[in-house]
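Since the structure comes first, as structure tokens, the remarks are kept for the end.
The values are calculated or read from the model by the stated rules, or taken from the named source; none is laboratory data. Keep in mind that what you see is a predicted model, and the values were worked out from it rather than measured. Positions of Cβ are backbone-derived with ideal geometry, glycine not excepted, and every protein chain shown enters the neighbour counts.
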Amino acid sequence: MSYYRIKSIVLWNQIAARTIRAIIGLAVVWTSTVSAQPFPQTSLQCAVPAELETRIKVENIILMGEVHGTAEAPAAFGTAACRALALGRSVSVGLELYGNEAEVLRSYLASNGGQPASALLLRSSFWTREFQDGRSSYAIFQLIERLRLLAQKNPNLNVFVLEGDAVVNSGTASSTRDEVMATKVRAERARRPAALILTLSGNVHNRIKVMSSSSGGSIPPLSMGVLLADLSPRAVSLRRSEGTFWACAPKCGVHGDPVQEKSLVDHNQMYRRLAEQALYTDEWILGPSTVSSPAIHIAAERLSNEATP
């Protein structure tokens, strides 16, 4: 077991021993060493661009793809799920989490969101793994919390995981991962044929066209979106115009440049359909991005701040 893994477990054992609810953004605001974290994700407000609302009303599958490690993309995705429920649709949300996270995720969604439940969720292998990319950001945790709140009021919401188990996933090629994701979506479609399936993944996985590399090969050989072509999914690219994000490229950390001045343009309304030959069917430009660092980093910073006299 790596030092990083042991340190992560120790940190979460410390959290579990304390009678605080600091992990939930509704109760307390944490600060990060790399950036202040915005917390719009727990809001139940759910206004979306008109074009997206039209999609939500009539489509069966909408695959949303993000650049991992921002606060804005998971928040926008949560808003889309919220809007779909408000419009009376049954919704199945698919998240890019490991298959062996499904049980602890279900437990958290059925909980009251208290500190013991959040500590149990975030002690799992997905959140404490050594390779801390943007999939395990604090914004993703906040999205899960928002889904928990929505599920309390909407029994027609189901949340499922897209990935295979962590042990298998760590050694599989991207094409195999996408095959697993597509299989998970098909299974959910068969189980809930009337539901709108909304998935959030990296923007490589939700493409509906094969993209070629400079050497002539495809990236990946077949994406989840391509594998689901017979189900006619919509593929939405959640785009950032500028700003920062957390990624491992190759070193894990903050990438991009801080935004000097906020644009006055309402980027939330910059939603459009794309040309038929595009990699995606739609594009939602969210404007400048704000880095969302790994959830365990923020927890560690919180503990450090509490220990400081």
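Of note:
- Test result for Met1, at pLDDT 50 or above and either hydroxyl-bearing (Ser, Thr, Tyr) or more than 30 Å from Arg189 (Cβ to Cβ) (or both): yes
- If you filter the range 133-153 down to residues that are in contact with a strand residue (DSSP E or B) (Cβ under 8 Å, 6 or more places away or on another chain) and over 18 Å from Ser118 (Cβ atoms), you find that the one that is surrounded by the most Cβ atoms within 10 Å (Cβ to Cβ) is Gly134.
- You will find that of Arg177, Arg148, Arg186, the residue that is basic (Lys, Arg) and either assigned to a strand (DSSP E or B) or at pLDDT below 95 (or both) is Arg177 and no other.
- Unique residue being hydroxyl-bearing (Ser, Thr, Tyr) and modelled with pLDDT under 95 when the list is Thr19, Thr79: Thr19
- When Gly94 is tested against (1) assigned to a helix (DSSP H, G or I); (2) touching a strand residue (DSSP E or B) at 6+ places or on another chain (Cβ under 6 Å), just one condition goes unmet, and that condition is (1).
- Candidates Ala278, Ala307 - the one that is over 18 Å from the mean Cα position of the chain (by Cα), surrounded by fewer than 17 Cβ atoms within 10 Å (Cβ to Cβ) and modelled with pLDDT of 80 or more: Ala278
- Flag if Arg89 is charged (D, E, K, R), at pLDDT below 95 and touching a Lys or Arg at 6+ places or on another chain (Cβ under 9 Å): no
- Residues satisfying the stated conditions in the range 77-91, i.e. assigned to a helix (DSSP H, G or I) and either at positive phi or under 10 Å from the mean Cα position of the chain (by Cα) (or both): Phe77, Gly78
- Strands (runs of 3 or more DSSP E) contained in the range 192-271 and holding at least 1 residues buried (at least 17 other Cβ atoms within 10 Å of the Cβ) and at pLDDT 95 or above: 196-202, 234-239
- Filter pass, Gln115 being modelled with pLDDT under 90, closer than 22 Å to Asp133 by Cα and surrounded by 15 or more Cβ atoms within 10 Å (Cβ to Cβ): no
- Being closer than 14 Å to Pro294 by Cα, aliphatic (A, V, I, L, M) and in contact (Cβ under 8 Å) with a residue 12 or more places away in the chain holds for only one residue in Leu87, Leu95, Leu122, and it is Leu122.
- Cβ separations smaller than 6 Å between residues 6+ apart or across chains give the following pairs from the range 237-252 residues that are on the phi > 0 side of the Ramachandran plot to residues that are at pLDDT 85 or above and part of a strand (DSSP E or B): Gly243/Gly256; Gly243/Ser289.
- The criterion of being buried (at least 22 other Cβ atoms within 10 Å of the Cβ) and modelled with pLDDT under 95 does not hold for Ser125.
- Matching residues in the range 227-245 - criterion: being touching a strand residue (DSSP E or B) at 6+ places or on another chain (Cβ under 9 Å), of a type outside the set (Lys, Arg) and within 24 Å of Thr183 (Cβ to Cβ): Leu228, Leu231, Ser232, Pro233, Ala235, Val236, Ser237, Leu238
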